[in-house]
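Notes for the one structure printed next.
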Amino acid sequence: MPRDMSPRERVLTAIRREKPDRVPKEWSFTPTLQEEFVRQTGATNAAEYFGFERRTVSFRGPEKLPDFTRFYPDGVPEGCSFSEYGTGRAPSDFFHFTSRLYPLAKTETVAELEEFPWPDYTPGWRHAHLEQAVADLHSDEWFVAGSIGHIWENAWQMPRMEKLMEKMLLDPPYAGYIFDRITEDRAFMATRYGQAGCDMIHCGDDIGMQDRMMMSPKMWREWLKPRWRRVIKAAKDENPEILAWYHSDGDVRPVIEDLIEIGFDILNPVQPECMDPAALKRQYGDRLSFWGCIGTQTTMPFGSPADVKAAVKWTVENVGCDGGLLIAPTHVLEPDVPWENVVALSEAVEEYGVYH
């Protein structure tokens, strides 16, 4: 095998389930750990410092958000910020965490939803830069992902989760309107990333809990499977070679076969506390690649550096044995991760991640 692949070639080879020169890698930090990274290394960019192979392009944000405060008649806390879908995030006093406010919490009808100021991703100024951005990154041989985001998560974060689930059962037109508006946005984004030449679209929803799904597989297949199928098709109609990456924390085993069926190529983050990565590799490794696998509920915060290195070695041998792996922690690294474990993660990937 080649001994010195470019970053793009390395990821493409791995994700297409062939053996690259070495296992590609990636991780990121919460603000507190980012500050520790700067203190420890003097660097500011983790991707450059550790040599991550992926770079990401995205749509430009809106020039100005609507006045969402009118959807919160009880008022909003000082310092609250809003997403494009009007979901509020109020600051807290615990690290980077925030509390959430729901702009559709008091709505009950489709007519009310029709009056909501939904975002518009279609103006050219939001995405005309993508072709040049991708070309520039490809000229430096980076693997390029286009960031799409979510359907389920954006949807429930508008009326709140329990209300949306109730509407899915008792008022399908209401729930369907929200899902369809968001799906339109995601399909348009997918089309543009396919046209722009991205190597991968980066999307997904947290539908898994620690030992089961948030909803029944039947409900997921009814409400979300056809909508994600449409999004993936939009990208692959423009570029049949584009890869599709699906993220969900937790246990999503009941729908993995469905994810493959509708066109997803990569599963992330594959939490070892919730699913056995080696078992998934044996069952799906001929059709699916895996991105993650190093536990952030256990190994990274609570293990020793030796435990981290052992987890990396085991993952490479059991999940990345013949390609199909980009090794990463299963979430952004939180404040309780010791810096020594970050160093051990990097050292272990360098030591064990080489294909002979």
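The values are calculated or read from the model by the stated rules, or taken from the named source; none is laboratory data. The shown structure was predicted, so the numbers you read here are calculated from the model rather than taken from an experiment. Backbone-built Cβ (ideal geometry, glycine too); neighbour counts: all protein chains shown.
Would a scan of segment 60-78 turn up a residue that is among the small types (Gly, Ala, Ser) and loosely packed, with under 14 Cβ neighbours inside 10 Å?
Checked against the condition, which is being among the small types (Gly, Ala, Ser) and loosely packed, with under 14 Cβ neighbours inside 10 Å, segment 60-78 yields at least one hit.
If you go through segment 58-86 and keep only what is in contact with a helix residue (DSSP H, G or I) (Cβ under 7 Å, 6 or more places away or on another chain) and either closer than 30 Å to HIS138 by Cβ or in a strand (DSSP E or B) (or both), you end up with PHE59, ARG60, PHE82.
Mind checking whether some residue in segment 188-208 is at pLDDT 95 or above and in contact with a Cys (Cβ under 7 Å, 6 or more places away or on another chain)? Checking segment 188-208: at least one residue is at pLDDT 95 or above and in contact with a Cys (Cβ under 7 Å, 6 or more places away or on another chain).
Picking from VAL76, VAL23, VAL11, VAL38, which residue would you name as being under 19 Å from the mean Cα position of the chain (by Cα) and of a type in the set (Val, Ile, Thr)?
VAL11
Condition check for PHE94 on (1) under 26 Å from TRP156 (Cα atoms); (2) surrounded by fewer than 16 Cβ atoms within 10 Å (Cβ to Cβ); (3) at pLDDT 95 or above; (4) not acidic (Asp, Glu): one failure, at (3). Within segment 282-296, track down each residue that is surrounded by fewer than 17 Cβ atoms within 10 Å (Cβ to Cβ), without any contact (Cβ under 8 Å) to a residue 40 or more places away in the chain and assigned to a loop (DSSP other than H, G, I, E, B). Within segment 282-296, ARG287 is the sole residue that qualifies. Among the residues of segment 303-340, just one is polar (S, T, N, Q), in a helix (DSSP H, G or I) and either in contact with a strand residue (DSSP E or B) (Cβ under 7 Å, 6 or more places away or on another chain) or buried (at least 23 other Cβ atoms within 10 Å of the Cβ) (or both), namely THR315. When ASP265 is tested against (1) charged (D, E, K, R); (2) touching a strand residue (DSSP E or B) at 6+ places or on another chain (Cβ under 9 Å); (3) surrounded by fewer than 20 Cβ atoms within 10 Å (Cβ to Cβ), just one condition goes unmet, and that condition is (3).
Does any residue of segment 100-112 turn out to be among the hydrophobic types (A, V, I, L, M, F, W, C), in a helix (DSSP H, G or I) and out of contact with any Pro (no Cβ under 6 Å at 6 or more places or on another chain)? Among the residues of segment 100-112, at least one is among the hydrophobic types (A, V, I, L, M, F, W, C), in a helix (DSSP H, G or I) and out of contact with any Pro (no Cβ under 6 Å at 6 or more places or on another chain), which makes the answer yes.
Give the residue, chosen from LEU137, LEU113, that is over 25 Å from the mean Cα position of the chain (by Cα), surrounded by 14 or more Cβ atoms within 10 Å (Cβ to Cβ) and of a type in the set (A, V, I, L, M). Break it down stepwise before answering.
On the way: LEU137 fails: over 25 Å from the mean Cα position of the chain (by Cα).
Among LEU137, LEU113, only LEU113 is over 25 Å from the mean Cα position of the chain (by Cα), surrounded by 14 or more Cβ atoms within 10 Å (Cβ to Cβ) and of a type in the set (A, V, I, L, M).
So, in segment 180-208, of the ones that are under 16 Å from the mean Cα position of the chain (by Cα) and touching a residue at least 60 places away in the same chain (Cβ under 8 Å), which residue ends up surrounded by the most Cβ atoms within 10 Å (Cβ to Cβ)? Among those that are under 16 Å from the mean Cα position of the chain (by Cα) and touching a residue at least 60 places away in the same chain (Cβ under 8 Å), it is TYR193.
Flag: ILE266 matches the condition of being of a type in the set (A, V, I, L, M), closer than 17 Å to CYS293 by Cβ and modelled with pLDDT of 95 or more. Is there a residue in segment 126-133 that is over 22 Å from PHE68 (Cα atoms) and among the charged types (D, E, K, R)? Looking through segment 126-133, at least one residue is over 22 Å from PHE68 (Cα atoms) and among the charged types (D, E, K, R). Screening ARG17, ARG55, ARG89 for residues that are at positive phi, outside any helix (DSSP H, G or I) and surrounded by 14 or more Cβ atoms within 10 Å (Cβ to Cβ) leaves exactly one candidate, ARG17.
The helices (runs of 4 or more DSSP H) found entirely in segment 124-182 that carry 1 or more residues being within 17 Å of PHE59 (Cα to Cα) are 130-139, 152-156.
Is it true that some residue in segment 158-179 is within 24 Å of MET5 (Cα to Cα), out of contact with any His (no Cβ under 8 Å at 6 or more places or on another chain), in contact (Cβ under 8 Å) with a residue 24 or more places away in the chain and surrounded by 20 or more Cβ atoms within 10 Å (Cβ to Cβ)? Even if it seems obvious, please write down each step before you answer.
As a first pass, look at segment 158-179 and keep what is within 24 Å of MET5 (Cα to Cα): none.
The answer is no; no qualifying residue exists.
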